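K.L.:
Just passing along the structure, written as structure tokens.
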Amino acid sequence: MGAPLVVLDAGHCPNGVGTNRLGACYNGLVECAITWDICRRVYIGWTTKAAVLHMTRPSYWDSPTLSERAAIANRIDATMFLSVHCNALPGSTKAEGIETLHHLGSTRGKLVAQAIQDTAVAATGARDRGLRERNDVLVLRTTKMPAAMLESGFLTRKEEAAAISTETYRNDLAAGIRLGIMEGLRAIGAIKF
């Protein structure tokens, strides 16, 4: 049995289909560019052989559909799936912080989500918005392994968008995500140390 395989999904994409292909676009930031950059930092900084990372968007211009993202994880029999996003609440400049979603009723998904949430908040100092259980998120609903979706901050809040735009915040968040992946794998029993 090889090392656990973790699928890392940078939310949205520049060449996608539909009205929300770029994701949130506020305060001069574009979600699909931010999520890809954060995931790239996670991937580049991954040094442990305890698990293997696989990106759904290895190139910025890769544009898998939501169904294809889940299918990639299912096809390679991933141990864990993590999708990275940014949040937005149009009309509000007060919403702030990090939250992590998991599929309704997924006990193992909740364990992964909690690990990611805890380490992302600790690494960035962002407000902890906690976990959200959802049954309407395709990539969480159709993956066959524990899955979580990290909402890494609100682009609609000027101060948070300014932080997200910095190298420091993105590096800190990427480090938190790497640690969260390891903690999530431990929580679901995929690694022992």
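K.L.:
Which one of these is over 18 Å from residue 184 (Cβ atoms) and either touching a strand residue (DSSP E or B) at 6+ places or on another chain (Cβ under 7 Å) or not basic (Lys, Arg) (or both): 43, 26? Lay out the reasoning, then the answer.
P.N.:
Details: 43 fails: over 18 Å from residue 184 (Cβ atoms).
After ruling out the rest, the residue left standing is 26.
K.L.:
Return a yes/no flag: does the range 83-96 have any residue that is touching a Pro at 6+ places or on another chain (Cβ under 7 Å), buried (at least 16 other Cβ atoms within 10 Å of the Cβ), of a type in the set (S, T, N, Q) and touching a residue at least 40 places away in the same chain (Cβ under 8 Å).
P.N.:
Checked the range 83-96: no residue is touching a Pro at 6+ places or on another chain (Cβ under 7 Å), buried (at least 16 other Cβ atoms within 10 Å of the Cβ), of a type in the set (S, T, N, Q) and touching a residue at least 40 places away in the same chain (Cβ under 8 Å).
K.L.:
Looking for something under 19 Å from residue 147 (Cα atoms) and of a type in the set (D, E, K, R) - is there at least one such residue anywhere in the range 49-66?
P.N.:
yes
K.L.:
Sort out which residues of the range 144-170 are outside any loop (DSSP other than H, G, I, E, B), farther than 22 Å from residue 188 by Cα and touching a Phe, Trp or Tyr at 6+ places or on another chain (Cβ under 7 Å), and write them in order of number.
P.N.:
Restricting attention to the range 144-170, the residues satisfying the condition of being outside any loop (DSSP other than H, G, I, E, B) are 147-154, 158-164, 167-170.
Cutting the leftovers down to farther than 22 Å from residue 188 by Cα gives us 152-154, 158-164, 167-170.
Once the filter is applied, which keeps residues that are outside any loop (DSSP other than H, G, I, E, B), farther than 22 Å from residue 188 by Cα and touching a Phe, Trp or Tyr at 6+ places or on another chain (Cβ under 7 Å), the range 144-170 yields 160, 161, 163.
K.L.:
All but one of (1) surrounded by 16 or more Cβ atoms within 10 Å (Cβ to Cβ); (2) touching a helix residue (DSSP H, G or I) at 6+ places or on another chain (Cβ under 9 Å); (3) not polar (S, T, N, Q) hold for residue 151; state the number of the condition that does not hold.
P.N.:
(2)
K.L.:
So, residue 193, is that one surrounded by fewer than 18 Cβ atoms within 10 Å (Cβ to Cβ), among the aromatic types (Phe, Trp, Tyr) and either out of contact with any Gly (no Cβ under 7 Å at 6 or more places or on another chain) or farther than 27 Å from residue 3 by Cβ (or both) or not?
P.N.:
Values: surrounded by fewer than 18 Cβ atoms within 10 Å (Cβ to Cβ): yes; among the aromatic types (Phe, Trp, Tyr): yes; either out of contact with any Gly (no Cβ under 7 Å at 6 or more places or on another chain) or farther than 27 Å from residue 3 by Cβ (or both): yes.
Judged against the criteria, residue 193 is a match.
K.L.:
Report, ordered by the first and then the second residue, all pairs with beta carbons closer than 7 Å, sequence separation of six or more or different chains, a first member in the range 34-47 that is under 15 Å from residue 59 (Cβ atoms) and of a type outside the set (Val, Ile, Thr), and a second member that is modelled with pLDDT under 95 and surrounded by fewer than 18 Cβ atoms within 10 Å (Cβ to Cβ).
P.N.:
36/60
The values are calculated or read from the model by the stated rules, or taken from the named source; none is laboratory data. Small disclaimer: the values here were computed from a predicted structure and weren't measured. Neighbour counts are summed over all protein chains in view; Cβ atoms, including those assigned to glycine, are modelled from backbone coordinates with ideal geometry.
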